[in-house]
1. Mind counting the residues in segment 231-252 that are part of a loop (DSSP other than H, G, I, E, B) and under 12 Å from Val171 (Cα atoms)?
2. Can you name the condition, by its number, that Ile78 falls short on among (1) closer than 18 Å to Lys24 by Cβ; (2) β-branched (Val, Ile, Thr); (3) at pLDDT 95 or above?
3. Count, please, the residues in segment 106-122 that happen to be loosely packed, with under 10 Cβ neighbours inside 10 Å and either at pLDDT 90 or above or not in a loop (DSSP other than H, G, I, E, B) (or both).
4. When you go through (1) crowded, with 16+ Cβ neighbours inside 10 Å; (2) in contact with a Lys or Arg (Cβ under 9 Å, 6 or more places away or on another chain); (3) in a loop (DSSP other than H, G, I, E, B) one by one for Asp314, which number turns out not to apply?
5. Just to be sure before I move on: is Glu152 part of a loop (DSSP other than H, G, I, E, B), of a type in the set (D, E, K, R) and surrounded by 14 or more Cβ atoms within 10 Å (Cβ to Cβ) in the structure I sent?
6. Have a look at Lys406, Lys393, Lys416, Lys401 and point out the one that is in contact with a strand residue (DSSP E or B) (Cβ under 6 Å, 6 or more places away or on another chain) and either surrounded by fewer than 20 Cβ atoms within 10 Å (Cβ to Cβ) or of a type in the set (A, V, I, L, M, F, W, C) (or both).
7. Which of the numbered conditions does Arg20 fail, given that it passes all the others? Conditions: (1) in a strand (DSSP E or B); (2) under 26 Å from Ala312 (Cα atoms); (3) within 20 Å of the chain's Cα centre (by Cα).
8. Name the single residue, out of those in segment 182-199 being under 24 Å from the mean Cα position of the chain (by Cα) and surrounded by 15 or more Cβ atoms within 10 Å (Cβ to Cβ), that is nearest to Ile223 (Cα to Cα).
Amino acid sequence: MAIETVEKLLRRFRDLGAERVFFKKLAENDNSKQQVYLGKGFAALSFFSYGEIVAYPDLKDPNFKASLDFFWVDDELIERAPGTQLILYPAYPEVRLSGFLAGCRLAPSHHMQKIPKECRKGFDGRVLIFGTTADGRTFAHLAIENSSLANELRALPSESDELLIELTLPVGSQENRQKLLDALREIHRTGPHGSKRMYSNGEVKPYAARNGGGYTLEALLGIAPNSRSEPDYMGWEIKAYTKSRVTLMTPEPNGGFYGREGVRAFVEKYGHVSAAGDKYFTGAHKVNKPTEPAGTTLKLRGYDLDSPDKMAVDGAIYLVNELGEEVAVWDFASLLTHWNRKHAFAAYVPTERFSATNEYHYKSPILMGEHTDFSKYLEALARGKIVFDPGSKIYGPDSEKPGTVKARSQFRIAVKDLNNLYSRFTAEKL
């Protein structure tokens, strides 16, 4: 049965475990035939927990697709729609919802059919509401035209009918933003802090290695490591940095020689031996500039600075050797999955390490980046602002860990250039 009010809707979704509720005012061309338009660009990805993004370059209209664990809900029942997916069209660019009716008797099929051209009125009164959970499920309920729920939702203020609109406290909201700043202000005030790390069971232990700045900050914020590619704290990605460059992502290549043979074979073939006997693959790579000592060059396929909001479905970031052979490849689909989901809101925290005591002090100001899109990442890469700065290593025979391999394929950016990645970027004093 229908849910009649926003209050009952929120109660129903929260009873099912939803932590975030948002809605879309539908137009007549939002239907099972033409799919449901979720917004221009790929910003809508930050609202949903989706599966792996897969590229389909050979279709008539090349696109990316990502599955959703999607359920239709009424006031009593819940049923999964197994074919639901997000479709990303980079030629426009935009995101649409597809496959949301098939195999689900509870789905509102009658109200999601294509309207014949001669019957169109030029407006629509339907509203589609979503609720998402921490474990990756998406719930949906359709408020039909002229229903009390649809009328109540459509009366709420919004910037645009084309946007997804929050009903609960939004990720990146001023309240969540202020809670994060308050927590960081207390950490700043009570520092310096001994190096530590929180483990997945919630236990916090001292941490001896030199790279403890991020782990210590996460422990102080109560962030335990997990395998989900999700933001760290109330919808915000938290990054501690100690130098003029900050690491954005550390994705491993999924193609080329590296993708086929793995990090050990790659470092053996393209790395150099240090004075200590370790073998490294290093070098700050900028697009189209050969980089020593390996002689490899970073390339970008399927992206053009003349059309910075678009990309090719089969595009990739890749390394070539001196013969022009692709030796490491990161396809856009895999990078898209990570970037839009995890970096929509990010806080960059300046950090000072006291080596004598192995303590960290978290300083002011905090750099706050809000609303990103993968196209901004590609533009910064193409302009040479993002560099591929690897540190993969095979420990030498005289080390404490002879023969052990450490994979580190990191993309970094100068702190002064972070503003290029976000629609809004501010420095907040503590």
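1. 4
2. (1)
3. 4
4. (1)
5. Details: part of a loop (DSSP other than H, G, I, E, B): no; of a type in the set (D, E, K, R): yes; surrounded by 14 or more Cβ atoms within 10 Å (Cβ to Cβ): yes.
No; evaluated as a whole, the condition is false for this residue.
6. Lys406
7. Tallying (1) in a strand (DSSP E or B); (2) under 26 Å from Ala312 (Cα atoms); (3) within 20 Å of the chain's Cα centre (by Cα), Arg20 fails exactly one: (2).
8. Among those residues, the one meeting the criterion is Met198.
The values are calculated or read from the model by the stated rules, or taken from the named source; none is laboratory data. On a predicted model such as this, the values are computed, not experimentally measured, just so you know. Here the Cβ is made from the backbone with ideal geometry for all residues, glycine too, and neighbour counts use every protein chain on show.
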